[in-house]
Amino acid sequence: MIQSPRETVAAAMAEMAVLRALQVAGRRLLARRSRAVRGPLRTVPPWELHAHLPVGDTDLALLLRDAWVIPEAVGLPSTMIEALDQHVRILLAAGLGYRRDDLFKTLSRLPLEQLVLPWDAPAGTDKARAPSK
């Protein structure tokens, strides 16, 4: 499915962004629980906690607040971030663990060859810079 070097790098960036979003959501999800719940889950990686704790549809916005600031700051296209956000919301709401093959299916629906990725932006533009915060 992922074939060109461009697609490979885009997939790696997408994977890191998705896992970070799941990590942010997982930490917030766990912080809202009692010590009795948190204790047994302390060995579960934060990006997998949603598979062990229920997530309500109304919780998604709060759990994912600021989860995409790094991908936005490095210049991932908004189209890609929106698709990744939808992917993560489905995983959280359904309690499904992350699977690379599922992410590849999401990415296969994007026109990766047409998107302006961070390394495509001309030098000196806002899209070509690393985060400064």
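The values are calculated or read from the model by the stated rules, or taken from the named source; none is laboratory data. Note that the structure is a prediction, hence the values are computed from the model and not measured. Glycine also receives a Cβ, built like all others from the backbone with ideal geometry; neighbour counts cover every protein chain displayed. Accessible surface is based on the protein model in full, side chains and every heavy atom, while ligands, DNA and RNA are left aside. Shrake-Rupley method; radii C 1.70, N 1.55, O 1.52, S 1.80 Å.
Just reorder Thr8, Thr106 by solvent-accessible area, largest first, 1.4 Å probe, all chains present. Intermediate results must be reported in sequence, preceding the final value.
On the way: Thr8 75, Thr106 20 Å².
Of Thr8, Thr106, the descending order of accessible area is Thr8, Thr106.
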- [ ] Starting from the Cα of Arg109, move 7 Å in the Cα-to-Cβ direction to define the label point; list residues of segment 69-89 whose amide nitrogen is under 14 Å from there.
- [x] 79-89
TODO: On the protein heavy atoms, probe 1.4 angstrom, tell me the percent of accessible surface of segment 2-133 carried by carbon and sulfur.
DONE: 55 percent
- [ ] Give the peptides 38-48, 79-89 in descending order of average Cβ contacts within 10 Å, highest first.
- [x] 79-89, 38-48
TODO: Could you point to the residue in Gly26, Leu64, Ile90 farthest towards the positive end of the chain's charge dipole, with +1 and -1 charges on the Cβ of Lys/Arg and Asp/Glu respectively?
DONE: Gly26
Open item on the list: Considering just Cα atoms, how many Å³ per residue does the convex hull of the chain enclose?
Closed with: 114 Å³
TODO: State in Å² the accessible area per residue of the chain; use a 1.4 Å probe, count heavy atoms of protein chains only, and round to the nearest integer.
DONE: 59 Å²
